[in-house]
Structure formats: structure tokens, C-alpha cells
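See structure below.
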Amino acid sequence: MSNLKTLKLKGGLRKFFIILNILAALLVIINIIIAFIDIRAALILLIFTVAYILSVIFFTVRNRSLILNELVSFATQYGQVQRRLLRDLKLPYALLDETGKVVWTNNAFKEAFSVDRDFKKSLTSLFPNVNPDSLPTDDDENGETTVSVEYDGRNYRINMRRISMSDMVSSSDVIEPQDTYSGCLTACFFYDDTALKIALQEIDDQSIAVGLIYLDNYEEALESVEEVRRSLLIALIDRKVNKYISALDGICKKIEKDKFLVIMRKKALESLKESKFDLLQDVKTVNIGNEMAVTLSMGIGLDGLSYAQNYEFARNAIDMALGRGGDQAVVKTPDDLSYYGGKSQQVEKSTRVKARVKAQALMEIISGRDEVYIMGHRNGDEDSFGAAVGMYRIVHNMDKPAHIVLNDVAPSLQPLVDLFMQNPEYEEGTIISGSHALEWVGSNAALIIVDVNKPSITECPDLIKYCKSIVVLDHHRQGQETVENATLSYVEAYASSACELVCEILQYTTPNGNTRIRPEEADCMYAGMVIDTNNFTSKTGVRTFEAAAYLRRNGADVVRVRKLFRDDAAVYKARADIVSQAEIYHDCFAISSFSDEDAVNPLVIGAQAANELLNIRGIKASFVLTQANNMINISARSIDEINVQVIMEKMGGGGHMNMAACQLNVPLEEAYGALKGTLDSMIEDGEIEL
């Protein structure tokens with residue numbers, strides 16, 4: 001009863017009582033006016049007025065509680081009707097308190113989620129992803145939010161709306177709002193989207209995926225078999241590819257002698273992923289006496305807005321697969337790239353036709369530009385600088401101004417840089433910093449990027465935006481990040497180094513193929529090849545030694561280069577310490593670390609130690625974690641059994657099959673755990689075979 005006395009009326013009822021008071025005041029005024037006209041009439045009216053006023057006061061005071069009781073009773077009955085409608089509603093409905101605890105549910109909720117009538121637990125007990133943090137707040141639009149959940153194999157969409165207690169009072173027709181009301185409730189409607197999701201998934205599964213299959217070493221494989229048996233080898237390969245795609249209910253059409261166009265449903269692609277694209281391994285089993293196993297690359301595009309866009313995705317994917325060395329599959333969607341395979345070393349091409357074509361295209365680009373800037377990757381090494389020097393010679397021979405962009409010079413690289421900085425034969429401005437390059441670059445400049453294909457780790461990424469033509473020349477496998485809109489791209493993962501590619505291009509920049517270079521330039525390029533091949537013991541082929549011979553003919557001195565790589569006693573001792581404290585993991589991985597802040601060039605020491613660890617019998621891959629520049633740098637090396645590039649890509653880095661790296665912004669202990677966790681997961685998933 002005390003609560004009823006505190007309630008204040010509003011709306012129509014309040015107006016009704018105000019009108020009664022106004023009428024009483026009007027009667028008093030009229031009574032006074034009549035008193036001036038006729039006193040007897042005024043007395044009679046006064047009696048009526050007093051009776052009216054007393055009646056109003058009595059009715060208001062005596063029956064106010066009764067009126068409020070009647071109003072509350074009506075509201076309760078009205079609420080009972082609404083509650084009955086909600087209780088019998090076919091849509092599951094629940095009311096939650098501020099903590100997410102169920103306050104009230106209807107019959108449909110109890111039937112859908114098999115709970116009893118007294119269910120008062122938190123909604124999290126039914127749906128783990130629905131917690132107090134997922135409830136709507138005042139910051140949400142209209143105080144509403146939507147959560148998707150799964151229960152007993154069915155998918156539900158929960159529409160939750162916040163209902164504040166003050167809003168409920170303010171919307172009342174009989175109760176005056178006050179500031180003392182607080183708290184809120186959450187109304188939840190559960191929509192069963194199971195049938196809709198099944199239909200959408202079925203439509204998505206039936207969407208078209210476009211694929212391209214290229215034979216990586218078609219010509220080389222045919223040359224390794226007798227001429228009379230070549231047609232049989234081709235027929236066996238075609239049959240295996242067609243049979244494999246037909247088993248997936250797809251269409252395979254041969255469009256060139258070594259290229260296939262594939263059309264399949266997206267659902268079939270899931271089968272390919274589950275089998276890890278075992279066609280890559282099956283085709284290697286085709287052998288009729290050919291000395292070289294056939295390998296192929298696959299590029300698949302899907303989820304595009306049109307069939308044409310899916311085909312464009314497939315073209316980009318196959319280019320990525322070939323750029324990463326072949327023998328792998330790449331799946332491209334609008335938002336992602338996925339890699340499969342890539343476990344074998346790419347076979348060196350025996351023909352130099354591609355190098356000649358690229359050289360001619362490069363010369364056309366340079367001839368149409370006013371100046372050329374050349375840069376490699378950040379923290380440049382001998383291969384990066386040597387390749388830049390080779391490109392400088394090409395540009396200089398064409399009488400075009402050339403500038404090598406180089407910021408920080410590592411101690412191991414300083415002797416090579418001094419060959420140019422202290423040589424009067426080279427004009428001032430041959431080697432400049434990235435800031436100077438941005439100041440000097442003109443509107444008609446070309447940019448040549450060597451030994452790297454990721455724009456973010458070049459010496460000066462901003463320079464890319466200001467150059468009209470961009471040339472990319474690299475021997476690392478391509479990743480998801482590439483230089484967009486490159487005028488010319490020459491990325492060959494089979495090459496031992498960027499210097500090898502530059503040497504070949506150099507020989508085709510003059511009609512007679514006798515391009516001469518200075519001895520100091522030959523030394524720089526030879527040093528780059530020595531570093532990237534680990535003294536010609538890794539990734540070397542016939543073309544590698546032919547390039548080295550070309551450099552020797554042009555004055556490269558082996559003894560002089562060897563002296564450049566001699567280490568002092570501290571560096572040699574640090575490298576030996578890294579090897580001595582190495583941990584053998586899974587009996588085939590050597591893992592060690594280096595964190596000497598006083599070391600002159602810790603990254604080089606770590607990389608050299610990783611190479612040394614491969615000399616241990618039974619070691620398939622080595623990893624050295626070097627702490628430098630507030631980062632953990634992982635140098636990964638292997639000989640032929642493990643693809644360290646795939647491992648480093650899992651950790652955000654890259655490289656190529658035998659030499660890769662990554663950077664982690666975590667403490668050394670966490671980096672150890674991340675590396676071991678990556679190795680464990682890849683072994684478990686079959687991506688690494690021990």
C-alpha cells in the first residue's frame with residue numbers, strides 16, 4: 001500500500017483530476033460574479049459549489065487508492081494476456097537479467113533446448129559463446145545485437161535487445177517516471193537458420209572453381225627419354241591428369257602441350273585439400289625410362305564475383321606456384337592464398353631463352369627513362385649488393401644515370417662498398433640513401449628491385465610509388481606479398497642467387513654477348529654467389545658455374561674475395577658457441593640461439609652458424625634464433641629433405657627451399673616455443689615427413 005501512495009499519475013487520468021479542480025475554481029469565480037448581481041442566487045449557487053468541492057475532495061482522497069488498485073489490476077490482466085501470447089509463441093523466447101541468467105522462457109524455448117519449466121541457469125550453460133560480454137549494451141545500435149550459435153546440430157541466430165527498467169517505467173501510462181529506477185533486462189528471440197545455412201552451403205558447394213595445371217619440366221622430361229617413347233610418356237601423363245580430375249566430377253581440357261584447363265565444383269576442391277593435392281606426387285610415378293621425374297603445378301581460383309574473375313584468380317595462382325619453384329598447388333580467393341606441396345627442388349632450366357627475352361625487355365624499359373634507381377632488401381647482403389652493382393653496369397653502359405639505394409651497411413659488406421665509395425672511377429651519387437633517393441627521384445624514373453620481391457622489406461618502400469616503371473629480379477620464392485603493377489618481373493626460384501640471374505642478363509645486353517665489367521664489379525657479384533651458395537655447395541647448377549666463369553673472365557679474383565670473408569677471432573668463437581649449445585629436436589632438427597648484444601653483426605653470425613649445423617650427421621634442418629634490433633631473427637637452413645621456406649612462412653617469414661628466415665617480436669623463450677610448436681603441428685599434419 002505504501003508503494004501505491006508513492007506512485008504518481010500521468011496521462012489522461014492526471015488530466016481528468018486537473019479538470020475537476022479547474023471546474024471547482026470556475027464555480028467559485030462564477031459564484032462571486034453572481035453575488036454582485038443577486039445575493040440570493042449567489043447563496044444558492046454557493047451551496048452547490050461547496051457541495052461540489054467537498055465531493056471532489058472526498059472522491060480524490062477517499063477513492064484514489066481504489067482507482068490505483070483498479071488500474072494495477074487492469075494492467076496485470078493486460079500483462080497476463082501478453083505473457084500468455086509470449087508463452088504460446090512458436091518462436092523460442094527468453095528473458096535474461098543483467099548477468100545473462102534466464103529469468104523467464106516460453107514453451108517453444110523449453111521444447112527446442114530440452115529444459116524444464118524451472119530453468120533459471122545462465123544462457124552460457126546452453127551456448128558457451130553467449131556470455132555477459134556478448135549481451136547488448138547502450139553503445140550498440142538501438143541496443144540490439146545478434147549472435148550465431150549451434151545446439152544439437154542446429155544453427156540458431158539469437159536476436160538480443162536490451163530493455164532498461166527506466167524505459168519500461170517511462171513507457172507506462174499510469175506510473176510517473178523517476179530517476180531511482182535502474183537495471184535492465186535482455187529479450188532474446190531464437191531464429192532457427194539451419195535450413196537456410198544448409199541451402200546456402202549447398203549453393204556454395206555447387207559454385208564453380210577454375211584451375212590451371214602446368215607441367216613444370218615438360219621439355220626437360222621429354223629430352224630424358226627416347227624419342228620413340230615420348231608420345232607414350234605424354235599419353236600417360238594426360239591420362240593420369242584426366243582420370244584424377246574426372247574422379248572429382250570435374251572437366252579437364254588440354255589447352256597446350258603442357259597446360260590443362262580444369263573446371264570443377266567448389267565441393268570437389270575440399271577433397272583435393274583433404275588429400276593434400278596428391279596428384280602432385282602421383283604424376284611423379286609416371287616413368288617409362290625417363291631420367292627426370294615429371295612435376296606439375298596447379299593454380300585454382302574460386303569465390304570470385306564471376307567466372308572470368310575465377311579464371312583470373314587461377315592465372316595469378318599458377319604464376320605464384322611457378323614463381324615459388326613449381327611442384328605445388330596454390331589456391332587463390334579474393335581474401336587469401338593457400339599453398340600446398342612445394343617439397344622438391346625446382347629443376348634448373350637448360351635453356352637461356354627466357355634470360356635473353358628478359359634482357360631485351362629490360363633494355364627497352366631503361367632506354368625510355370631519364371634515370372634508374374636500383375635497390376635490394378633491407379639490411380643488404382653480398383648477393384643483394386652484387387646484383388645491384390651488376391644492374392648498375394647495365395644501366396651505365398646505356399648512358400643513363402644510375403643510383404644504388406643503400407641505407408645501412410653491414411660490417412661484412414663494408415669492404416665491397418668501399419670499392420666504389422673510394423674509387424674515383426665512380427662518380428659521386430652512385431650509392432645513395434633512401435632519403436636522398438626520395439628527394440632526387442624524377443617523374444620519368446625507373447626502379448630495379450633485386451634479390452627481393454616483397455615491397456615492405458626493400459631498402460626504401462616509398463620509392464616504389466614514385467617510379468614510373470618497376471623491374472623485379474629475384475631468386476626467392478614468391479609469397480602473398482608481391483610488387484604490384486611491375487613492368488617486368490623475372491623471379492626464378494631455381495637460380496642460386498640474384499647475381500647469377502644478373503650475370504646471364506649482362507651477357508645479352510650487347511649484340512655480341514661480350515659485355516665487359518670492371519674487376520671490382522665482378523668481385524661483388526662473385527662474392528654474392530659465394531655467400532648464397534655457401535661456397536658453391538648449395539643450389540648450384542650448370543648455369544651457376546657458367547655465371548661464375550663469366551665473372552672470372554671479367555677479372556673476379558677468388559683469393560681477393562676469400563680475404564673479404566675472413567672473420568676475426570670473436571666472430572669465429574661466437575659461431576662455435578652457437579654450434580656447441582645446439583639442441584637436437586626430433587632427432588633431425590638442430591635449434592640454437594645467439595643473443596650477444598656486443599656482436600658487430602649478429603644476423604650474419606647466426607646465418608653462418610645455421611649453415612655449420614647442417615654439417616652434423618642426421619640433421620635435416622637447422623634453426624638459429626638471433627636476438628638483434630629488439631627482434632628475434634630466425635635463420636633456417638636445410639640441404640634437400642626439408643623445405644624450410646614453408647616452415648618460415650607459417651611463422652610469418654619466407655625465403656626459398658634451403659634458406660629462409662623470419663622475424664618475431666616476442667621474447668626468446670616464446671620464439672623457441674613458437675618454432676617447436678610449428679614443427680610439431682606440421683609433422684602431425686603430414687606437411688613434414690621425418
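The values are calculated or read from the model by the stated rules, or taken from the named source; none is laboratory data. Small disclaimer: the values here were computed from a predicted structure and weren't measured. Methodologically, a virtual Cβ is constructed for each residue, glycine included, from the backbone with ideal geometry; neighbour enumeration extends over all protein chains shown.
To keep it simple, each residue is scored yes or no on (1) at pLDDT 85 or above; (2) within 15 Å of residue 359 (Cβ to Cβ); (3) touching a strand residue (DSSP E or B) at 6+ places or on another chain (Cβ under 6 Å); (4) not charged (D, E, K, R).
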position	(1), (2), (3), (4)
494	no, no, no, yes
505	yes, yes, no, yes
519	yes, no, no, yes
542	yes, no, no, yes
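Residues are listed down the side, and each one gets a yes or a no for (1) in the same structural domain as residue 188 (by TED's automatic domain parsing); (2) in contact with an Asp or Glu (Cβ under 7 Å, 6 or more places away or on another chain):
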position	(1), (2)
83	no, no
104	yes, no
109	yes, no
120	yes, no
125	yes, no
128	yes, no
136	yes, yes
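Right, residue 239: loosely packed, with under 15 Cβ neighbours inside 10 Å, among the basic types (Lys, Arg) and modelled with pLDDT under 90 or not? Answer is no for this residue.
The residues on offer are 216, 238, 193, and the sole one that is among the acidic types (Asp, Glu), within 27 Å of residue 287 (Cα to Cα) and free of Cβ contacts under 8 Å to residues at least 60 places away in the same chain is 238. Candidates are the residues of segment 487-508 that are closer than 26 Å to residue 466 by Cα and over 32 Å from the mean Cα position of the chain (by Cα); the one that is surrounded by the fewest Cβ atoms within 10 Å (Cβ to Cβ) is 505. Regarding segment 562-583, can at least one residue be identified that is touching a Lys or Arg at 6+ places or on another chain (Cβ under 6 Å) and of a type outside the set (D, E, K, R)? Checked against the condition, which is being touching a Lys or Arg at 6+ places or on another chain (Cβ under 6 Å) and of a type outside the set (D, E, K, R), segment 562-583 yields no hits at all.
Taking residues in segment 564-583 that are among the aromatic types (Phe, Trp, Tyr), and partners anywhere that are at pLDDT 85 or above, the pairs with Cβ atoms closer than 9 Å and at least 6 places apart or on different chains are 565/382; 565/527; 565/530; 565/531.
For segment 410-429, the set of residues classified as surrounded by fewer than 19 Cβ atoms within 10 Å (Cβ to Cβ), out of contact with any strand residue (DSSP E or B) (no Cβ under 9 Å at 6 or more places or on another chain) and part of a loop (DSSP other than H, G, I, E, B) consists of 410, 411, 422, 423, 424, 425, 426, 427, 428, listed by residue number. Checking segment 176-194 against the condition returns a match, with at least one residue being of a type in the set (D, E, K, R), at pLDDT below 85 and not assigned by TED's automatic domain parsing to the domain that holds residue 83. Cβ-Cβ contacts under 7 Å between residues 6 or more apart (or on different chains), taken from a first residue in segment 436-448 that is closer than 27 Å to residue 501 by Cβ and of a type outside the set (Val, Ile, Thr) to a second residue that is assigned to a loop (DSSP other than H, G, I, E, B) and at pLDDT below 90, are listed as 444/468; 445/468; 446/468.
Among the residues making up segment 651-660, a single one is at pLDDT 85 or above and over 14 Å from residue 478 (Cα atoms): 651. Scanning segment 430-468 for residues that are surrounded by 20 or more Cβ atoms within 10 Å (Cβ to Cβ) and hydroxyl-bearing (Ser, Thr, Tyr) turns up just one, 458.
Reported count of residues in segment 139-175, each being modelled with pLDDT under 75 and among the hydrophobic types (A, V, I, L, M, F, W, C), is 5.
I'd like to verify a number: residues in segment 276-323 that are among the basic types (Lys, Arg) and either closer than 15 Å to residue 216 by Cβ or free of Cβ contacts under 8 Å to residues at least 12 places away in the same chain (or both), how many? Step through it out loud before you land on a result.
To start, the set of residues in segment 276-323 that are among the basic types (Lys, Arg) comprises 276, 284, 315.
After this cut, where a residue has to be either closer than 15 Å to residue 216 by Cβ or free of Cβ contacts under 8 Å to residues at least 12 places away in the same chain (or both) as well, the list is 284.
Within segment 276-323, residues that are among the basic types (Lys, Arg) and either closer than 15 Å to residue 216 by Cβ or free of Cβ contacts under 8 Å to residues at least 12 places away in the same chain (or both) number 1.
The rows are residues; the columns are (1) farther than 15 Å from residue 237 by Cβ; (2) β-branched (Val, Ile, Thr); (3) assigned to a helix (DSSP H, G or I); (4) modelled with pLDDT under 90.
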site	(1), (2), (3), (4)
254	no, no, no, no
261	yes, no, no, no
269	yes, no, yes, yes
273	yes, no, yes, yes
276	yes, no, no, yes
281	no, no, yes, yes
284	no, no, yes, yes
288	no, yes, no, yes
300	yes, yes, no, no
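If you go through segment 309-323 and pick out every residue that is more than 16 Å from residue 262 (Cβ to Cβ) and modelled with pLDDT of 90 or more, you end up with 1.
Taking residue 301 as the residue in question, decide whether it is in contact with a Lys or Arg (Cβ under 8 Å, 6 or more places away or on another chain), on the phi > 0 side of the Ramachandran plot and not charged (D, E, K, R). When the stated conditions are applied, residue 301 does not pass them. For the condition surrounded by 22 or more Cβ atoms within 10 Å (Cβ to Cβ), closer than 27 Å to residue 671 by Cα and of a type in the set (Val, Ile, Thr), residue 578 qualifies.
None of 464, 470 is in contact with a strand residue (DSSP E or B) (Cβ under 8 Å, 6 or more places away or on another chain), assigned to a helix (DSSP H, G or I) and under 30 Å from residue 422 (Cα atoms) except 464.
Does residue 231 fit the bill of being in contact with a Gly (Cβ under 6 Å, 6 or more places away or on another chain) and either among the hydroxyl-bearing types (Ser, Thr, Tyr) or surrounded by fewer than 16 Cβ atoms within 10 Å (Cβ to Cβ) (or both)? I'd like the intermediate steps shown before the answer.
Values: in contact with a Gly (Cβ under 6 Å, 6 or more places away or on another chain): no; either among the hydroxyl-bearing types (Ser, Thr, Tyr) or surrounded by fewer than 16 Cβ atoms within 10 Å (Cβ to Cβ) (or both): yes.
Considered against the rule, which asks whether it is in contact with a Gly (Cβ under 6 Å, 6 or more places away or on another chain) and either among the hydroxyl-bearing types (Ser, Thr, Tyr) or surrounded by fewer than 16 Cβ atoms within 10 Å (Cβ to Cβ) (or both), residue 231 comes out as no.
Residues in segment 640-683 that are more than 17 Å from residue 606 (Cα to Cα), aliphatic (A, V, I, L, M), more than 20 Å from the chain's Cα centre (by Cα) and surrounded by fewer than 16 Cβ atoms within 10 Å (Cβ to Cβ): how many? Counting residues in segment 640-683 that are more than 17 Å from residue 606 (Cα to Cα), aliphatic (A, V, I, L, M), more than 20 Å from the chain's Cα centre (by Cα) and surrounded by fewer than 16 Cβ atoms within 10 Å (Cβ to Cβ) gives 1.
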